[in-house]
Each structure stands twice: as C-alpha cells, then as structure tokens.
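Read the figures in this text as sums done on the coordinates, not as results from a lab. For clarity, every value in this text was computed on a predicted model and none was experimentally measured. Glycine also receives a Cβ, built like all others from the backbone with ideal geometry; neighbour counts cover every protein chain displayed.
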Amino acid sequence: MRRRSQDGHSLVEFLVALVIFAILASLVTRALVMEQKSNTSVHNRMKLQVYGELMTDHLRRELSATRIVFDSESLGAEYWQKLHFTGEAPDAYAKLPNIQPGGSFSPDWAGFDSTAVGNMLFCAKIVDPPAEVSDGINPYVFDRFKFVVYFLSPYAGGKGYNLHACESKNQYLDYNQVMAILRSEPDYPQTIVEALKTMGLTLVWRPNAEAAGKAFYTLSADMSKASPINHTVVMDEAERISGFSNLSGPQHHGIAPNGRGVSLNVPKFARAGEGFPNGFEVLVAGPCTGRKILLRLVLLGEGHGLSLATEHTALVSVREY
C-alpha cells in the first residue's frame, strides 16, 4: 500500500475543505445581505419620517393663515357647489368634516362623533403680503383671500394616495374692509379702486354673508350700491404635497389606504368605508373664536419585501373671521 507524501492532500480532504469554505461563504454573504437590508430599512424609515415631518410642517404653515373653515353643513355645501376644478379634483369618496363647536379630538370621549371626521379640508386663507395702494396722499392696506382645498387622489399603481392642495385662481378683497376704507375716504374712492384693479384685484368677498350666493361682488367705487354677482370660484391646477417618490431601490411611499398602516391604525378616528378616509383624517372642533384643526397622516412605504409606516399629526389653531 502506497503512503502519501508528508506534504500531500487527498481528494476527500480537498472536497471537505471546499464544502466548509462554501458554507462559511454562504453564511458571510447572508449576514452581509441581512445587514444591508437592515441598513436600508433604517434608512428608509428615517426618510419616511422626514417626509412626513416636512408635509405636516408645510400644512401647519399654510393653515396658520386660515380665516374660515368650511364644513359639510349647509353654508359649506353652498360654497362647495361654487368651486370649479380645472385639473385634478376630489373623488366621490372625499368628505368634508363636520365642525364640532363643543367637541373633542379624543375617540374615548363619550360624545365623540366619528361621522364628523373628514378626509378633505376646504378653507379660505389670507394671502401674504396684503395689497398696498395709495390715493396719492395716504397709503391703504387690504387683505387678500384665496380659497384652498386639500384632498386625496389614488395613486395609479393602486398602492396608496397622493395628497393635493388646490387654490383658487382669483384673489378676493374683504367686503367689510373695502366698505370701511372707501367710506372713510369719500373724495378718492375711484383712485383707490383703480389702483386695486391694476393689481388684478377686481373681486370682493363678503365672508359673513348669510348665503354663498350673496357673498361675491365686483369691485366698484360705490360698493354700497353694488349687488351680489353669480360667481364661480375657479380652482387652479392642484399641487401635489405628497407622492410616491423613490426611497431606496423600488421603495415607494404615499398616504396609506385603509387597513395598510402596518402597526398603525388606518383609520384611527373615523369609521372606515369604501375609499374613506384612508390615511388622511381631518377633525375640526371648538368655537369660531378658538377653532382647532387636527390633521392625522399615515405614510406607507413598501419595497424590498418590507412595509414601513409612520404617523404624523398637525394641530392648528384658527381664529375665524
């Protein structure tokens, strides 16, 4: 029987070493892949959190200029019928909230009304800066208003929803303010009016009108003799606040649909219905002198076999007109 040399290796030993090396390589590769997935997940969760905070900060800033919140009751419904959307528009599942003057935002409160929750917001805001004109002697400052609607639209891939903001194309002067200034300067009303018209301000809105049909006027030097006009509020193209943009690889994010908040409740305040309310809930409570708007957003991110969700809220105080 031939003995192998002292420095030689048998084929069996070589194959065993090869198998051990393959097992170790597989374990190392799996560990690296798991670490990469973990890092990607942490990275995407952080980006999702940042996106949500940027969205709520944007909404908080915009809503701080709100002077009237419209609900689904009679007057709000009248104003809603006057809107004309030229582009993206709310779908059939969009619902305005019902304002609860003495209500609470806590679902645990005995008097909490889940049917008062909406997934859309319709309001009038003051445009900054105000309009400044002069009659050649004195300067005058006028507030300008715009109507704004925040609403959801389904994402084409069916993964979730986009949040849009849509503003009126026209700006509106405050009827009561215009009346007060023109009456205080009876010698120069036409000069003031012409100066406003050169700025494109030709429409006047009466916020405290008893009906939407009696709330709009054409600017004139003698507003006391002006009659309400039949006016349609034309809305500009919608601006997308949230959307499905890439995180890492195929990862995408957007407003979560019902039941897709991973470990978060979607919805939390409302009763879920077909297409309503999804991860954008709107609650409005308190008297007009101290009204508060609560927005709850749930962002959903999916990809790499993982689902991530983050919750964001914005509470805004509004002192209505």
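Kindly indicate the residue of region 76-110 that is assigned to a loop (DSSP other than H, G, I, E, B) and under 16 Å from Thr232 (Cα atoms) and also farthest from the chain's Cα centre (by Cα) among those meeting that condition.
Lys82
List pairs: first residue in region 189-212 and under 30 Å from Ala77 (Cβ atoms), second residue of a type outside the set (D, E, K, R) and surrounded by fewer than 16 Cβ atoms within 10 Å (Cβ to Cβ) anywhere in the structure, Cβ distance under 6 angstrom, at least six positions apart or on different chains.
Pro207/Tyr321
Could you tell me which of the residues Arg271, Arg291 is within 21 Å of Pro101 (Cβ to Cβ) and of a type in the set (Lys, Arg)?
The match here is Arg291.
Within region 120-136, is there a residue that is in a loop (DSSP other than H, G, I, E, B) and farther than 19 Å from Val316 by Cα?
Looking through region 120-136, at least one residue is in a loop (DSSP other than H, G, I, E, B) and farther than 19 Å from Val316 by Cα.
I'd like to know if region 138-147 contains one or more residues that are hydrophobic (A, V, I, L, M, F, W, C) and in contact with a Phe, Trp or Tyr (Cβ under 8 Å, 6 or more places away or on another chain).
Yes.
Kindly indicate whether Glu320 is farther than 18 Å from Asp113 by Cα and in a loop (DSSP other than H, G, I, E, B).
Against the criterion (farther than 18 Å from Asp113 by Cα and in a loop (DSSP other than H, G, I, E, B)), Glu320 qualifies.
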